[in-house]
Amino acid sequence: MNNLDRSLDKIDIMKLLIFLMIFLIVTFAFIFLLIIPHIKEHRVLQAEHKRVLVHKNRVETLFLEREAQLNKLTMENTHVVLAFKHSFSPEEFIAYAKEFFTQVSLVEVSKLEYQKEFVEYELNVTSTLKTPTNFYNFLEGLNQYKNIVQADFPIHLEANKNTISSVFKIKVYDINATKVP
């Protein structure tokens, strides 16, 4: 009895080579038809991704700078922001003006079409002063008032015997006054 393994003798080498060739042809066909055409597309997408990433980083850096700047300005100008949010009350303003003047009247001036972003008032003041110091103190005090108020030119000062009369316009920048119902 012969104990040698003869299983390899039964293999047909030609069939094995043909199957190996078919396998290699099919494998290379898949590589050339499916993988290689997408390599160029992949490179283009990868380059575009790098460009977009650089742009994103620049925008993010700019955003962080602007956010820091906004936070700084918000902290520095808290009074101004609160003044815009505070709704204007003519009674409060007259009470404030009476701290500086004896007689105060406030009349709203009709708004023109191009000036709808703020309310404009005319302030008539009569003061019993010999010097206009209180008038200048009033103008300085407008910087710390609850609303954004601007004294507008012309400012008409008229001296009588014991009093100084003044007439000038003020502009009140009030967000709440310009909202459409």
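Things worth noting here:
- With K and R counted +1 and D and E -1, the other residues having a Cβ less than 13 Å from that of Glu60 yield a net charge of +1.
- Dipole size of region 35-91 about its Cα centre, with +1 on Lys/Arg Cβ and -1 on Asp/Glu Cβ: approximately 440 debye, rounded to the nearest 20.
- Principal axis extents of the C-alpha atoms in region 12-85 (largest first, rounded to whole Å): 96, 17, 16.
- Within the accessible area of region 27-83 (1.4 Å probe), percent carbon and sulfur: 69
- 1.4 Å probe accessible area per residue over region 1-102, in Å²: 91
- Length released on extending from Ile155 to Ile11, taking residue separation times 0.36 nm less the Cα-Cα span: 40.4 nm
The values are calculated or read from the model by the stated rules, or taken from the named source; none is laboratory data. A quick note: this is a predicted structure, and the numbers were derived from the prediction, not measured. For neighbour counting, all protein chains shown are included, and Cβ atoms are generated from backbone atoms with ideal geometry for every residue, glycine included. Just the protein is used for accessible areas: all its heavy atoms, side chains included, with ligands, DNA and RNA removed. Shrake-Rupley method; radii C 1.70, N 1.55, O 1.52, S 1.80 Å.
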